[in-house]
Amino acid sequence: MAAKYDRSIKMFDEAYAPETLDRIVNSKKINSGKFLTQAHAGSYMLQMQTIHRIPDVRSVFELGPGEHFCANNMRNIGYDYTTFDFEKTHNPTIVGDWNTFDVKSHPRKYDICCAFQVLEHFSWSSFKLNLMKLSLLSKKYIFISLPYSCYGSRVHVVSQKRQNVLKESVHEDFYPTNLPQRKYRKEYIEEFPWAVHYWEIGREGISLDTVFDVCTQCSFDILSAFHSPNPYHYFILMQIRDM
C-alpha cells in the first residue's frame, strides 16, 4: 500500500513542506528579498554587470525573473527589459506558461535572452528545446545560469587603494559532487513542478561537458562560462552562430 502524501512534512530533497509552500505562495511574497541573501546577491550583480558589458545589447528578455531585482535596476538605467513568468506577484511583462508559449508568433526579438536558475525546473529532455525557444526570441545572445552541484575552494586576492582596485586575482577549484539527481515525492512534483530541480550539473548523468554539448548542438558559440560568487550558480554566455 502506498504511503499517504503528508503535506505537513518535507521529504527527500524537497525544499519545503507542501503546507509551507502554500503559505509562501498565498503571502504573495514568493522570491521577495533574495537580493539580500549571500547566496543570491553576488549572482544578481554578476547578471547585470555581464549584460551591461556587452556593447550591442539594449533589449533583454528574461524567463523566470523572480523578484524582478535585475529587471527593475536595468530598466532604471535605460534597458528595454521584458520579463516572462507564470507567477503574477511581481508583475511580469508577459504572464504565461512557457511550455505552451508560441515563440514563433511573438511579435519581436531581443538583443539577449536570459534564464537564470530556471531551466532546471524543466525536465532534462526539454533542455535543448528550451534553449532553442530562447534562440528564436534572440537577435544574437543567450545568457543562462544553472545549478552546479559542486565542492571546492576559491581564493580571491585584491590590492586596493582607497576606492580603486589596483590588482585582482582569483584562483578557484570546484569539482562535481556526482550525487544522485534530486528526489521528490510524485505528488509533490505534480503539485509544485516549479519548485522541483529535475536535474543539476555535477550530479549523476549531467556533466558540464554534457551541457556544453547541448549548447553546441543548438548552434551556439560559448563566449564565456563561469561560477558566480556562489559557485552553485554557473553562468554560460553564448552567441548564436553565424551572426
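The values are calculated or read from the model by the stated rules, or taken from the named source; none is laboratory data. Bear in mind that the values here come from a model prediction, so they are computed numbers and not experimental data. So basically every Cβ, Gly included, is an ideal-geometry build from the backbone, and we count neighbours across all protein chains shown. These area figures cover heavy atoms from the full protein model, side chains too; ligands, DNA and RNA do not enter into them. Shrake-Rupley method; radii C 1.70, N 1.55, O 1.52, S 1.80 Å.
List the chymotrypsin sites (Phe, Trp or Tyr not before Pro) within segment 24-99 that DSSP assigns to loop and that have no more than 16 neighbouring Cβ atoms inside 10 Å.
Working: sites: Phe35, Tyr44, Phe61, Phe69, Tyr79, Tyr81, Phe84, Phe86, Trp98; in loops: Tyr79, Phe86, Trp98.
For chymotrypsin sites (Phe, Trp or Tyr not before Pro) across segment 24-99 that sit outside H, G, I, E and B with at most 16 neighbouring Cβ atoms in 10 Å, the list reads Phe86.
Each part reduced to its alpha carbon centroid, segment 94-132 and segment 159-209 end up 20 Å apart.
I need the trypsin sites (Lys or Arg not before Pro) found in segment 45-106, filtered to DSSP loop residues with at most 10 other beta carbons within 10 Å of theirs.
On the way: sites: Arg53, Arg58, Arg75, Lys88, Lys104; in loops: Arg53, Arg58, Lys88.
Listed in order of number, the matching sites are Arg53, Lys88.
Once you've got the Cα coordinates, tell me which of Lys4/Lys28; Lys88/Lys109; Lys109/Lys167; Lys88/Lys140; Lys88/Lys183 are over 31 Å apart. Before the final figure, lay out the partial values.
Working: Lys4/Lys28 29 Å; Lys88/Lys109 23 Å; Lys109/Lys167 39 Å; Lys88/Lys140 28 Å; Lys88/Lys183 28 Å.
From the list (Lys4/Lys28; Lys88/Lys109; Lys109/Lys167; Lys88/Lys140; Lys88/Lys183), the Cα-Cα distance tops 31 Å for Lys109/Lys167.
In the context of the full set of protein chains, residues of the chain present 55 Å² of accessible surface per residue (probe radius 1.4 Å, heavy atoms only). Apply 1/(1 + (r/R0)^6) to the Cβ-Cβ distance of Val214 and Gln163, taking R0 = 45 Å, and write down the FRET efficiency to the nearest 0.05. E(calc), rounded to 0.05, equals 0.60. Sparse packing (at most 15 other Cβ atoms within 10 Å of the Cβ) combined with a DSSP loop state is found for the following trypsin sites (Lys or Arg not before Pro) in segment 125-221: Arg162, Lys183.
Phi-derived couplings, Karplus 6.51 cos²θ - 1.76 cosθ + 1.60 at θ = phi - 60°, listed residue by residue for segment 190-206: 5, 7, 10, x, 6, 9, 10, 9, 6, 7, 9, 4, x, 9, 3, x, 10 Hz, with x used for Gly and Pro. Local charge sum around Asp242 (other residues, Cβ-Cβ under 14 Å, Lys/Arg +1, Asp/Glu -1)? Neighbour charge sum, excluding Asp242 itself: +2.
Assuming charge only on the beta carbon of Lys and Arg (+1) and of Asp and Glu (-1), the dipole of the chain about its Cα centre is about 600 debye to the nearest 20.
Computing Rg and Dmax of the Cα atoms in Å directly from the structure and comparing it against (i) 18.8, 68; (ii) 31.2, 119; (iii) 17.9, 60 singles out (i).
Dividing the summed helix terms, -39500 (n - 2.57) for each DSSP H run of n ≥ 4, by the number of residues in the chain produces a 222 nm estimate of -7000 deg cm²/dmol to the nearest 500. Taking Lys and Arg as +1 and Asp and Glu as -1, the other residues whose beta-carbon sits under 14 Å from that of Lys10 total -2. Pick out, from Asn72, Val165, Gln117, the residue whose Cα sits farthest towards the positive end of the charge dipole of segment 50-181, with +1 on the Cβ of Lys and Arg and -1 on the Cβ of Asp and Glu. Towards the positive end, the residue furthest out is Val165. Other residues lying with their Cβ under 9 Å from the Cβ of Asp111 contribute a combined charge of +2, Lys and Arg counting +1, Asp and Glu -1.
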